[in-house]
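A.B. asks: Quick one: the structure is below, and I'll ask about it shortly.
No lab work stands behind these numbers, since they all come straight from the coordinates. Quick caveat: nothing in here was measured; it's all calculated off a predicted structure. With ideal geometry, Cβ positions are generated from the backbone for all residues, glycine too; neighbour counts draw on all protein chains shown.
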Amino acid sequence: MFRPITEADKALYMKYVDLFYHSDAVEAPVPRANYEVTFNELMRSDDYLKCYIFEHDKTPCGFALLSKTFSQEAGGVSVTIEEIFIEEQYRGKGLATEFFEFLKSLPDAARLRIEVEDDNEGAKRLYERMGFELLPYLQMVIDRCRR
């Protein structure tokens with residue numbers, strides 16, 4: 001099960017984001033100040049971001065952070081799963097599968113995107129089972145926070 005994040009979830013969000021950014025799922029951590037900026041934007045509106053808290057038997061156990069853009073290539077809104085984290089003891093219980101099925105049913109999402117580290121074989125298998133396909137090109141960025 002999952003639910004939209006609320007203001008009361010701030011400590012929980014900060015905990016899960018910190019666990020995510022100190023896991024093997026990412027290349028490097030990001031400044032904690034970025035967590036605050038993101039949480040504040042989540043509370044301000046859902047224009048760009050949306051966040052869900054995962055629960056198992058009403059116990060919080062993870063989160064997913066989504067961003068959205070418009071894609072001419074896809075012909076509509078592109079939803080990027082920026083981050084998804086489920087505590088290890090709750091993995092394999094169908095939470096991510098349920099969440100991806102929900103995302104695939106969103107009527108306004110023309111495309112779903114997700115990034116994964118090349119060596120994260122378990123995540124890649126899950127994403128492929130959910131229908132994600134490898135993109136045939138690299139992405140490039142300029143990050144102000146990493147200059």
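A.B. asks: Got a number for residues in region 126-147 being surrounded by fewer than 10 Cβ atoms within 10 Å (Cβ to Cβ), in a helix (DSSP H, G or I) and of a type in the set (A, V, I, L, M, F, W, C)?
C.D. replies: 1
A.B. asks: Can you pull out every residue in region 99-110 that is out of contact with any helix residue (DSSP H, G or I) (no Cβ under 9 Å at 6 or more places or on another chain), in a helix (DSSP H, G or I) and surrounded by 13 or more Cβ atoms within 10 Å (Cβ to Cβ)? Outline the logic, then answer.
C.D. replies: At the first step, the residues of region 99-110 found to be out of contact with any helix residue (DSSP H, G or I) (no Cβ under 9 Å at 6 or more places or on another chain) are 99, 101-108, 110.
Now restrict to residues that are in a helix (DSSP H, G or I): 99, 101-104.
Of everything in region 99-110, those that are out of contact with any helix residue (DSSP H, G or I) (no Cβ under 9 Å at 6 or more places or on another chain), in a helix (DSSP H, G or I) and surrounded by 13 or more Cβ atoms within 10 Å (Cβ to Cβ) turn out to be F99, L103.
A.B. asks: Of A96, A123, which residue is crowded, with 16+ Cβ neighbours inside 10 Å and over 25 Å from A11 (Cα atoms)? Spell out how you get there, then give the answer.
C.D. replies: On the way: A96 fails: over 25 Å from A11 (Cα atoms).
Within the list A96, A123, the selection yields A123.
A.B. asks: Could you look through region 16-46, keep only residues that are without any contact (Cβ under 8 Å) to a residue 24 or more places away in the chain and in contact with a Pro (Cβ under 9 Å, 6 or more places away or on another chain), and pick out the one that is nearest to L112 (Cα to Cα)? I'd like the intermediate steps shown before the answer.
C.D. replies: Our first condition is that a residue be without any contact (Cβ under 8 Å) to a residue 24 or more places away in the chain; within region 16-46, this holds for 18, 21-22, 28-29, 32-33, 35-37, 40-41, 44-46.
Filter once more, so that each one left must be in contact with a Pro (Cβ under 9 Å, 6 or more places away or on another chain): 18, 21-22, 46.
On the way: D18: 24, Y21: 22, H22: 25, D46: 17 Å.
Across region 16-46, the extreme among qualifying residues is D46.
A.B. asks: What are the pairs with Cβ atoms under 7 angstrom where one residue, in region 106-121, is closer than 15 Å to F70 by Cβ and the other, located anywhere, is assigned to a loop (DSSP other than H, G, I, E, B) and of a type outside the set (D, E)? Sequence gap at least six, or different chains.
C.D. replies: That search, which allows pairs on different chains as well, returns A110/A74; A110/G75; R111/A74.
A.B. asks: Condition check: in contact with a strand residue (DSSP E or B) (Cβ under 7 Å, 6 or more places away or on another chain) and either touching a residue at least 60 places away in the same chain (Cβ under 8 Å) or more than 25 Å from R125 (Cβ to Cβ) (or both). Does L49 satisfy that? Steps first, answer last, please.
C.D. replies: Details: in contact with a strand residue (DSSP E or B) (Cβ under 7 Å, 6 or more places away or on another chain): yes; either touching a residue at least 60 places away in the same chain (Cβ under 8 Å) or more than 25 Å from R125 (Cβ to Cβ) (or both): yes.
The answer is yes for L49.
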